[in-house]
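Structure, as structure tokens:
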């Protein structure tokens, strides 16, 4: 990994956000995780050495508190497409974060995000492709 | 795709199940989709040419109704790990389906499924890897 010394903000501390935050942290990246639910933040692994913010990332004050203008990486991975869309666009346009990604349930949002310079990842599309490839590979 | 003429059963008609069922059907595979919720089954694309069964796949009578013993492919992709675990094991052990896959939220179940000859796919692990790869590739 080449993220050592970079600063990453992860919005959403569900399973996906936690896995990503822990991996970035383990790779030497400075990480802040934001979630409205303190219980989810509390479930981060004891090895996670980053910061947590309990708050609603659709509020600009929360993005400011996370020092969004200093971030190299911004990942919007809540389970809510609207939230991921809104905060990833703010990170890209307002705070000029270089590497911004969002997970989306609705694959139709992909093109719009890409046009905005945001990496769009659809867990459903990825999983479907993986399962189909595996089933077809077995002949 | 080499699934033309094969028979596939898809358990769970959420976004993932629908995408997979429609792809298999479009590839010339005969497909039956099972879900407890008729509304979900009704959201399948009009191009889907397979069968649907409204029922609980953890009931053996439903698997019998789906002609599980004739299936070449069995995919357990509900949002419930316990259901996916139970029905994929039944498909593999009782009905000797050759190609069985299950989606799982808890990655710790992966090893157990693989030992049982079941392809285990974790949407969270796949998505986390995809996002991390994309972010790292951008330098």
Inset, instruction - Might you check whether a residue that is in a loop (DSSP other than H, G, I, E, B), closer than 23 Å to residue A:122 by Cα and touching a helix residue (DSSP H, G or I) at 6+ places or on another chain (Cβ under 9 Å) occurs anywhere in the stretch B:28-42? - result: no
Inset, instruction - Tally the residues that are out of contact with any strand residue (DSSP E or B) (no Cβ under 8 Å at 6 or more places or on another chain) and under 22 Å from residue A:94 (Cβ atoms), restricting the search to the stretch A:38-59. - result: 3
Inset, instruction - Evaluate the stretch A:99-114: report whether one residue or more is out of contact with any strand residue (DSSP E or B) (no Cβ under 6 Å at 6 or more places or on another chain), part of a loop (DSSP other than H, G, I, E, B), surrounded by fewer than 16 Cβ atoms within 10 Å (Cβ to Cβ) and at pLDDT 95 or above. - result: no
Inset, instruction - Scan the stretch A:60-68 and give yes if some residue there is closer than 23 Å to residue A:24 by Cα, in contact with a strand residue (DSSP E or B) (Cβ under 7 Å, 6 or more places away or on another chain), within 9 Å of chain B (Cβ to nearest Cβ) and not in a helix (DSSP H, G or I), otherwise no. - result: no
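Hey, can you tell me all the residues within the stretch B:1-20 that are in contact with a strand residue (DSSP E or B) (Cβ under 9 Å, 6 or more places away or on another chain) and under 20 Å from residue B:105 (Cα atoms)?
Just the residues of the stretch B:1-20 that are in contact with a strand residue (DSSP E or B) (Cβ under 9 Å, 6 or more places away or on another chain), to begin with: B:3, B:5-14, B:16-18, B:20.
Matches in the stretch B:1-20: B:10, B:11, B:12, B:13, B:14, B:16, B:17, B:18, B:20.
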Legend entry - Residue list for the stretch B:117-139, restricted to those being at pLDDT 95 or above, surrounded by fewer than 17 Cβ atoms within 10 Å (Cβ to Cβ) and touching a strand residue (DSSP E or B) at 6+ places or on another chain (Cβ under 9 Å): B:117
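The values are calculated or read from the model by the stated rules, or taken from the named source; none is laboratory data. For clarity, every value in this text was computed on a predicted model and none was experimentally measured. Every residue, glycine among them, receives a Cβ derived from its backbone with ideal geometry; neighbour counts consider all protein chains shown.
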